[in-house]
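The values are calculated or read from the model by the stated rules, or taken from the named source; none is laboratory data. In this text the structure is predicted, and so the values were computed from the model without any measurement. Cβ sites come from the backbone with ideal geometry, for glycine too, and all protein chains shown count toward neighbours. Calculation scope for accessible area: heavy atoms of the full protein, side chains included, ligands and nucleic acids excluded. Shrake-Rupley method; radii C 1.70, N 1.55, O 1.52, S 1.80 Å.
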Amino acid sequence: MKHAPATPAAHPPGQTRIEALSPEFLDAAAALAAELGLPRDGDADFALQLGPAGLQLQELGPGAAGPVRVDFVEGALAHRRLQGGGAGQMIAKAVGIQPGVRPFILDATAGLGRDAFVLAQLGCAVTLIERQPLVAALLADGMRRGLDDTEVAPIIEHMQLRRGNAIELMRAWPLDTPPQVIYLDPMFPHRDKSALVKKEMRLFRPLVGDDLDAPALLQAALALASHRVVVKRPRKAPIIEGAKPSYALEGKSSRYDIYPRKALKPQG
């Protein structure tokens, strides 16, 4: 059998390069490339671009969708901040928010930080963990820009970002200060079909993949949380393998599986 001639190795799937969108960002882009260990040029599927509007992730090539960035000041999150349902939102009920109760929450699968931002806006202190370096960079940039806005800054100040593997960080967490609630939203193959989510999934799935370690993530969360673990799932998705939730809150597209440890009570 004749073998095909050897060809130069293609760049790895999901390869990303760093780009400055204007000359004044060249130095910052070089520093970011060094921090993340990414090239400044060459073939790539994605570009992490730094420019006047902040940091954004752009798919490259024909038919590419527009860039994804974290914006806590304008857009969908601004509308939700100004017009949202407050403590009546399902996510608020899922984490146990009630009069006099604003739990300390660990969002162990932070992603772009939308749910953490909503919880922080409702008055909860939220620690976010993100293990994918590019997603963490986008999130950190969005938080930095949010601090420049007088209305958003007090919300961002309730949020603290940690980068790394959530399972390892939870297992090493100081047991004298456990989070009251741990919130998990693992990547799942069949997500919300909205245009925004489809665009983000198209960009992130080659970089992040599915959370195949979700059972270990749940196990670590159950071992650490003092009061409850909440898992967000697509409405028709199976529960995560392992312990069974005590109950669930179900909406049109999402479901919150609740694993209570003990009751959350008003302070004072």
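Data table
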read-out	value
Residue within segment 170-180 that is open to solvent by less than 40 Å² (accessible area, probe 1.4 Å) and either under 20 Å from LEU112 (Cβ atoms) or modelled with pLDDT under 90 (or both) present	no
Tally, over segment 229-242, of residues that are open to solvent by 30 Å² or more (accessible area, probe 1.4 Å) and within 23 Å of PHE104 (Cα to Cα)	1
Any hit, segment 147-154, residues being at negative phi, in a helix (DSSP H, G or I) and open to solvent by 50 Å² or more (accessible area, probe 1.4 Å)	yes
Residue list for segment 113-126, restricted to those being open to solvent by 10 Å² or more (accessible area, probe 1.4 Å) and under 17 Å from PRO103 (Cα atoms)	ASP115, GLN121, LEU122, GLY123, ALA125
Evaluation of GLU157 against (1) modelled with pLDDT under 95; (2) open to solvent by 50 Å² or more (accessible area, probe 1.4 Å) (one fails), failing number	(1)
Test: residue in segment 87-98 that is in a helix (DSSP H, G or I), open to solvent by less than 40 Å² (accessible area, probe 1.4 Å) and under 17 Å from PHE72 (Cβ atoms)	yes
When residues of segment 237-267 are limited to those that are part of a loop (DSSP other than H, G, I, E, B) and in contact with a His (Cβ under 8 Å, 6 or more places away or on another chain), the one farthest from PRO179 (Cα to Cα)	ALA237
Single match in ALA44, ALA31, ALA65, ALA53 (criterion: at pLDDT below 90 and of a type in the set (A, V, I, L, M, F, W, C))	ALA65
Neighbours by Cβ (under 9 Å, 6+ apart or cross-chain): first from segment 105-134, closer than 29 Å to GLN15 by Cα and free of Cβ contacts under 8 Å to residues at least 40 places away in the same chain; second open to solvent by 10 Å² or more (accessible area, probe 1.4 Å) and among the basic types (Lys, Arg)	ARG114/ARG80; LEU128/ARG162; GLU130/ARG162; GLU130/ARG163; ARG131/ARG163
